[in-house]
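One structure below.
The values are calculated or read from the model by the stated rules, or taken from the named source; none is laboratory data. Since the model is a prediction, treat every value here as computed from it, not as a measurement. FYI the Cβ positions are ideal-geometry reconstructions off the backbone, even for glycines, and counts take in every protein chain you see.
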2 protein chains.
Amino acid sequence: MLPPAVVAIIREMEAERIRGASWLAKKGAEAYIALSESMSGRELIGAIKELGERIRAVNSTMASLYNLTRYVPVTADPSTLRARAEEFIKLCDEAKREIGNIGSELIDENEVVITHSFSSTVLEILKTARDKGKEFRVVITESSPDCEGLALAGELDRLGVHFDIITDAQLGLFAGKATLALVGADNVTRDGYVFNKAGTYLLSLACHDGGVPFYVAAESFKLHPELTAEEVDIVERPYAKRGYKIRNFLFDVTPWRYIRGVITELGILVPPKDL
Amino acid sequence: MLPPAVVAIIREMEAERIRGASWLAKKGAEAYIALSESMSGRELIGAIKELGERIRAVNSTMASLYNLTRYVPVTADPSTLRARAEEFIKLCDEAKREIGNIGSELIDENEVVITHSFSSTVLEILKTARDKGKEFRVVITESSPDCEGLALAGELDRLGVHFDIITDAQLGLFAGKATLALVGADNVTRDGYVFNKAGTYLLSLACHDGGVPFYVAAESFKLHPELTAEEVDIVERPYAKRGYKIRNFLFDVTPWRYIRGVITELGILVPPKDL
């Protein structure tokens with residue numbers, strides 16, 4: 001039995017509808033910290049295993065959750081558990097900052113950056129570029145039905161970055177006018193497929209067709225060491241309008257061949273030559 | 001000065017937000033018929049010229065309106081005008097039926113047809129295939145922000161055709177599972193670009209990537225004899241959400257090279273070899 005404080009965090013993760021893989025992984029680490037505050041010894045060992053299963057079950061094919069549960073040791077010592085979970089959170093934050101540094105170098109003066117949905121990692125890149133004094137425009141999508149794009153609009157407003165919001169269906173029309181595409185990732189599989197908000201694949205195709213470089217920003221803990229694209233379950237959420245059920249798979253799948261590079265905190269990964 | 005009944009029709013055309021090139025052209029023909037009922041002689045000649053300008057101005061680069069105004073003669077004789085406008089409407093209806101016949105032959109048993117937005121010409125094809133007793137499924141898009149897809153859902157419901165509705169951003173995810181793509185067209189330019197609801201180009205790219213044949217259904221009066229893709233103005237309509245202005249260009253541009261064929265009443269046009 002997990003303590004109520006830990007279960008509350010799991011429930012929050014399960015109920016989350018907007019934020020993605022980075023947020024979930026950090027929240028999972030907080031669950032381990034909460035666990036370290038109420039147990040020790042053999043009881044703790046059992047609870048760590050149970051919590052690992054619960055965290056992975058939030059999304060059974062999400063790399064960040066899988067990697068978190070592998071990063072955290074099964075230990076009888078609460079202070080070891082706590083230290084390791086805190087280290088995970090620190091590494092997450094550092095990874096994001098470093099991706100901001102690396103990615104912002106791709107943004108030149110007067111760049112027109114197109115993105116899809118809301119990635120906190122892409123936002124970090126834009127923030128860093130802005131901090132470096134660069135002037136650029138961003139094209140962002142409404143991102144129906146949850147409108148994550150409007151949340152990104154609020155952030156860009158605060159940063160003083162100019163942007164246009166478009167409907168998702170206009171991605172093709174605007175990709176050709178952009179000079180750089182930056183998207184986040186929920187999951188990168190072992191065989192090099194990027195799972196990200198549905199529409200990302202369409203943007204990658206339009207960028208490929210228009211000769212616009214397309215980059216994915218993803219902390220290395222989003223790379224899944226085991227799973228291939230075929231094995232990933234794509235979450236579907238209920239959505240309806242005027243009495244009609246509307247299919248609502250959250251993610252689509254972008255193959256390596258349309259990706260110029262994956263920006264990680266370790267550097268920019270480029271696709272293998274044989275693609 | 002055009003008579004009030006004619007002006008009322010023009011205003012209706014200008015205000016129309018959902019229906020496309022076929023509807024507008026037929027409505028324009030009705031305006032000529034209304035004109036034929038209230039004028040003759042020199043007065044009629046002037047009014048026909050004025051009405052032609054007003055009709056073209058509803059959308060200055062739309063082939064169907066341009067072709068209508070070229071089809072209708074500048075005449076002093078109201079009965080000639082009326083006969084010719086009625087003939088245009090009859091040809092429109094015949095063209096749609098013939099496209100239904102030709103296009104329905106592309107639909108095999110258990111086909112999965114993907115489409116985007118609402119094309120009355122595509123609907124005619126689906127209707128005809130259904131009348132021929134074929135069983136197939138259709139994937140249709142919500143088509144934000146005006147939700148034309150939900151209007152199509154209502155039509156398919158009435159026909160007893162099974163369908164899934166998806167968000168526009170899932171076009172890439174579902175294109176690969178389809179076996180045939182059928183879309184309408186608002187305009188086909190002299191140099192072979194198809195203007196249709198924004199998102200059509202994305203669907204064409206995903207079909208190309210997934211090896212799914214992509215067809216456009218368009219009456220021949222949607223082929224513009226003069227304009228090239230560069231010269232076409234894409235209409236933008238106001239759209240806002242949570243206080244943010246959202247860009248809302250109605251159409252995007254699909255090049256010939258992603259199109260297997262354009263289904264017209266004269267037969268299926270295939271792209272020239274040198275593309």
When (1) closer than 30 Å to residue B:65 by Cβ; (2) more than 13 Å from every other protein chain (Cβ to nearest Cβ); (3) not β-branched (Val, Ile, Thr) are applied to residue B:153, the one that fails is (2)
What residue, of A:219, A:231, is of a type in the set (D, E, K, R), touching a Cys at 6+ places or on another chain (Cβ under 9 Å), away from every other protein chain (no Cβ under 13 Å) and touching a residue at least 60 places away in the same chain (Cβ under 8 Å)?
-> A:219
Name the residue, out of A:126, A:81, that is assigned to a helix (DSSP H, G or I) and touching a strand residue (DSSP E or B) at 6+ places or on another chain (Cβ under 7 Å).
-> A:126
Number of the condition not met by residue B:202 [criteria: (1) touching a Phe, Trp or Tyr at 6+ places or on another chain (Cβ under 9 Å); (2) within 7 Å of another protein chain (Cβ to nearest Cβ); (3) surrounded by 24 or more Cβ atoms within 10 Å (Cβ to Cβ)] = (1)
Kindly indicate whether residue A:18 is aliphatic (A, V, I, L, M), out of contact with any Ser or Thr (no Cβ under 9 Å at 6 or more places or on another chain) and touching a residue at least 60 places away in the same chain (Cβ under 8 Å).
-> yes
Hey, any hits in the range A:183-194 for a residue that's more than 8 Å from every other protein chain (Cβ to nearest Cβ), closer than 15 Å to residue B:198 by Cβ, basic (Lys, Arg) and assigned to a loop (DSSP other than H, G, I, E, B)?
-> no
Of the residues A:235, A:253, which single one is out of contact with any Gly (no Cβ under 6 Å at 6 or more places or on another chain) and at pLDDT below 95?
-> A:235
Is there a residue in the range B:200-208 that is assigned to a strand (DSSP E or B) and within 17 Å of the chain's Cα centre (by Cα)?
-> no
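So that you can scan it fast, the table gives a plain yes or no per residue for (1) in contact with a Gly (Cβ under 8 Å, 6 or more places away or on another chain); (2) under 21 Å from residue A:263 (Cα atoms); (3) among the hydrophobic types (A, V, I, L, M, F, W, C):
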position: A:147; (1), (2), (3): no, no, yes
position: A:152; (1), (2), (3): no, yes, yes
position: A:182; (1), (2), (3): yes, yes, yes
position: A:214; (1), (2), (3): no, yes, yes
position: A:217; (1), (2), (3): yes, yes, yes
So, in the range A:158-182, of the ones that are in a helix (DSSP H, G or I) and touching a strand residue (DSSP E or B) at 6+ places or on another chain (Cβ under 8 Å), which residue ends up farthest from residue B:249 (Cα to Cα)?
-> A:175
Which numbered condition residue A:40 fails, given (1) surrounded by fewer than 22 Cβ atoms within 10 Å (Cβ to Cβ); (2) in contact (Cβ under 8 Å) with a residue 40 or more places away in the chain; (3) out of contact with any Cys (no Cβ under 7 Å at 6 or more places or on another chain); (4) not β-branched (Val, Ile, Thr) = (2)
Selection within the range A:218-239 - within 30 Å of residue B:254 (Cβ to Cβ) and among the small types (Gly, Ala, Ser) | A:229
Working only within the range A:66-92, note down all residues that are loosely packed, with under 14 Cβ neighbours inside 10 Å and either within 17 Å of the chain's Cα centre (by Cα) or among the basic types (Lys, Arg) (or both).
-> A:70, A:90
Give B:144, B:117 a once-over and let me know the one that is within 30 Å of residue B:71 (Cβ to Cβ), within 10 Å of chain A (Cβ to nearest Cβ) and surrounded by 21 or more Cβ atoms within 10 Å (Cβ to Cβ).
-> B:117
Could you tell me whether the range B:124-139 includes any residue that is crowded, with 24+ Cβ neighbours inside 10 Å and not hydrophobic (A, V, I, L, M, F, W, C)?
-> no
Answer yes or no: is there a residue in the range A:243-251 that is touching a strand residue (DSSP E or B) at 6+ places or on another chain (Cβ under 9 Å), closer than 18 Å to residue A:115 by Cα and either in a loop (DSSP other than H, G, I, E, B) or touching a residue at least 24 places away in the same chain (Cβ under 8 Å) (or both).
-> yes
